[in-house]
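Taking it in order: structure first as structure tokens, then the write-up.
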Amino acid sequence: MTSMKVIIVDDERLARNELKRLLSKHSNIEIIDEAKNADEAAIKIKEQQPDAIFLDIHMPGSTGLELAESLGDDVNIIFCTAYDQFAVDAFSLNAMDYLVKPVNPERLSDAIAKLEIRLEQSKKQTSLPDDHKLMVKYGETMRIIPLSDIIRFESIGNHAAIYTPHGKAFLHSSLNKIEAKLDANHYFRASRSDIIRLDAIESMEQAISYGLEAKLSNGQTIEISRRQATKLKQLLEFTQL
């Protein structure tokens, strides 16, 4: 494949140089820039749209974790830090990998291989299967759940809340990006702020706004906009309410 463009984000010049040395051994990696703090990195990422960033955690000002949270899934993130205790937090932010300094060349090769696979898959993206596994953080607990467990996605800024039998959790991705990965046979865009699972709908009734109100299996009631209500009726082949 063509070279993968990356930006190195680390406040220590020696650490940036060492990572550049290691990455130079990989012909499929092109280092397009580097940044010494989160604010500088955010600007460069927006301007240059890298395929991935190698991101330190402890930096002056905003931390790498805070930067990752603000980026959502706009870029692939490989954390590269001297501290191993932040791995759970990193993976809850959809980090692609977590490397501990001094970086092991074999682990770096593994991370680059993962990046290459992910970029190839994104080019031929199809909807995710129901048994696709997600790592989700509930409070201090990480769970691996199948996609089918998610009853509802709710837009909250650039992120999304998800509702499952285990409770409420968050994904660092916009609703539009999530929708693009979902199978329309299982999930439906109820409104600008909600995506719901079709087989989680227990009942529906007319809403005052001329749309619909759907009661879900978790007890929540979601309003379906008037336009989307028409689509849903057609999808489910309803002849009457």
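The values are calculated or read from the model by the stated rules, or taken from the named source; none is laboratory data. Note that the structure is a prediction, hence the values are computed from the model and not measured. We place every Cβ from the backbone using ideal geometry, glycine too, and count neighbours over all the protein chains shown.
Return a yes/no flag: does region 9-18 have any residue that is within 22 Å of the chain's Cα centre (by Cα) and among the hydrophobic types (A, V, I, L, M, F, W, C).
Step one: list which residues in region 9-18 are within 22 Å of the chain's Cα centre (by Cα), which gives 9.
Those still in the list that are among the hydrophobic types (A, V, I, L, M, F, W, C) too: 9.
Looking for residues that are within 22 Å of the chain's Cα centre (by Cα) and among the hydrophobic types (A, V, I, L, M, F, W, C), one finds at least one in region 9-18, hence yes.
Restricting the search to region 156-178, which residues are surrounded by fewer than 18 Cβ atoms within 10 Å (Cβ to Cβ) and under 21 Å from I201 (Cβ atoms)?
The answer is A161, P165, H166, G167, K168.
Quick check on this structure: which one of L108, L128, L134 is more than 21 Å from I7 (Cβ to Cβ), in contact with a Leu (Cβ under 6 Å, 6 or more places away or on another chain) and surrounded by 14 or more Cβ atoms within 10 Å (Cβ to Cβ)?
Values: L108 fails: more than 21 Å from I7 (Cβ to Cβ); L134 fails: in contact with a Leu (Cβ under 6 Å, 6 or more places away or on another chain).
Result: L128 is the single residue among L108, L128, L134 that is more than 21 Å from I7 (Cβ to Cβ), in contact with a Leu (Cβ under 6 Å, 6 or more places away or on another chain) and surrounded by 14 or more Cβ atoms within 10 Å (Cβ to Cβ).
Examine region 219-241 for a residue that is closer than 22 Å to F91 by Cβ and either outside the structural domain of F91 (by TED's automatic domain parsing) or free of Cβ contacts under 8 Å to residues at least 24 places away in the same chain (or both), and state whether such a residue exists. It would help to see each step written out before you state the result.
Let us first name the residues in region 219-241 that are closer than 22 Å to F91 by Cβ, namely none.
No: zero hits.
Filter region 23-44 down to the residues that are surrounded by fewer than 20 Cβ atoms within 10 Å (Cβ to Cβ), touching a helix residue (DSSP H, G or I) at 6+ places or on another chain (Cβ under 8 Å) and either of a type in the set (A, V, I, L, M) or in a loop (DSSP other than H, G, I, E, B) (or both) and list them by number.
L23, K25, H26, N28, I31, I32, K36, A42
Pull up region 1-22, narrow it to residues that are farther than 21 Å from Y83 by Cα and among the aliphatic types (A, V, I, L, M), then point me to the one that is surrounded by the most Cβ atoms within 10 Å (Cβ to Cβ).
Per the criteria, the residue is V6.
Of all residues in region 64-93 being of a type in the set (A, V, I, L, M, F, W, C) and in a helix (DSSP H, G or I), which is nearest to N104 (Cα to Cα)?
Filtering region 64-93 down to residues of a type in the set (A, V, I, L, M, F, W, C) leaves 65, 67-68, 71, 75, 77-80, 82, 86-88, 90-91, 93.
From what's left, in a helix (DSSP H, G or I): 65, 67-68, 71, 87-88, 90-91.
Values: L65: 22, L67: 24, A68: 23, L71: 26, A87: 16, V88: 20, A90: 19, F91: 19 Å.
Checking each candidate, the answer is A87.
For region 45-63, enumerate the residues that are among the acidic types (D, E), over 22 Å from P102 (Cβ atoms) and part of a loop (DSSP other than H, G, I, E, B).
Filtering region 45-63 down to residues among the acidic types (D, E) leaves 47, 51, 56.
Among the residues that remain, those that are also over 22 Å from P102 (Cβ atoms) are: 47, 51.
D51 - this is the single residue of region 45-63 that is among the acidic types (D, E), over 22 Å from P102 (Cβ atoms) and part of a loop (DSSP other than H, G, I, E, B).
Evaluate the following for A229: is it over 30 Å from L67 (Cβ atoms), modelled with pLDDT of 85 or more and buried (at least 20 other Cβ atoms within 10 Å of the Cβ)?
Values: over 30 Å from L67 (Cβ atoms): yes; modelled with pLDDT of 85 or more: yes; buried (at least 20 other Cβ atoms within 10 Å of the Cβ): yes.
Yes, satisfied.
Just the residues that are at pLDDT below 85 and touching a strand residue (DSSP E or B) at 6+ places or on another chain (Cβ under 8 Å), please, taken from region 196-224. Step through it out loud before you land on a result.
Kept after step one, since they are at pLDDT below 85, are these residues of region 196-224: 207-211.
Listed by number, the residues that qualify are A207, S209, G211.
Quick one: M142 ticks every box in (1) assigned by TED's automatic domain parsing to the domain that holds R197; (2) aliphatic (A, V, I, L, M); (3) modelled with pLDDT of 95 or more except a single one, so which number is it?
(3)
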